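I have placed the structure first, in the form of structure tokens, so that the comments after it can refer back to it.
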Amino acid sequence: MLYNRAGLLAFSLASLATFVLCSCQRAGSGYDRSTQRELFTPEHSTIVDAVNEFLGRRAIPIQPIAFPHNKHIANGIACTTCHVGVNQGPIAGLPNDKVCMRCHEFLMTDRPGVQQLTSYFNSGLDVPWQRVYGFSPSAHVKFNHAPHIRAGVDCSRCHGDLSGMTVAVRAVEINMGFCIQCHRRQQASTDCITCHF
């Protein structure tokens with residue numbers, strides 16, 4: 001039994017070392033000089049970046065404006081009002097300032113957050129919102145929001161109860177186990193190509 005644990009630990013450490021070394025090798029910044037073409041490579045610029053991806057650690061996103069989800073939800077504004085297209089396609093789009101200004105050109109114009117929003121709008125720049133959720137490129141996951149919404153999966157299932165949040169945070173640890181458990185409960189496909197393609 002002790003030998004099996006030691007062997008498993010040695011195998012795990014060797015696998016991690018191989019992943020880190022392979023992930024950190026530079027390949028001419030993704031450019032093959034011999035063929036003069038870009039390369040697909042999962043390289044990382046540092047060992048720390050490679051280890052963080054391997055362990056599933058991501059930086060906490062800092063939003064440029066402290067968007068109060070709870071207040072918007074309390075006013076009856078649905079997720080799909082701001083995250084336009086989420087019910088038709090794969091991506092829950094991050095709202096651009098034009099969506100926000102439909103209401104805030106007239107409402108709450110004295111609030112600091114709305115004034116920041118107006119400043120972005122007047123400068124012709126979109127607010128640089130930071131994604132809160134997402135999969136690492138090495139996971140090769142292509143998540144599609146639309147079929148989940150059509151199946152009646154509530155946004156809070158994967159994103160937590162935003163009615164109790166101001167700025168959105170990662171309230172749910174979304175990993176393969178989380179997704180497979182939900183698919184089994186909903187009797188949805190757990191075939192690999194459902195999510196990995």
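Arg58: net charge of surrounding residues, Cβ under 14 Å, Lys/Arg +1, Asp/Glu -1, itself excluded? With Lys, Arg at +1 and Asp, Glu at -1, the net is 0. Among Asp49, Asp110, Asp191, the ranking by other beta carbons within 10 Å of each residue's beta carbon, starting with the fewest, stands as Asp110, Asp191, Asp49.
Backbone geometry of the stretch 88-100 corresponds, through the Karplus equation with coefficients 6.51, -1.76 and 1.60 at θ = phi - 60°, to 3J(HN,Hα) couplings of 10, x, x, 9, 8, x, 7, x, 8, 5, 5, 4, 5 Hz, x marking Gly and Pro. Across the stretch 109-125, computed HN-Hα scalar couplings (Karplus, 6.51 cos²θ - 1.76 cosθ + 1.60, θ = phi - 60°) run 5, 8, 6, x, x, 5, 5, 4, 4, 4, 4, 4, 4, 5, 7, x, 9 Hz from first to last residue, x flagging Gly and Pro.
Every number in this text was worked out from the coordinates using simple rules, so none of it is lab data. Source: prediction; values computed, not measured. Note that each Cβ is placed from the backbone with ideal geometry, even for glycine, and that neighbours are counted across all protein chains shown.
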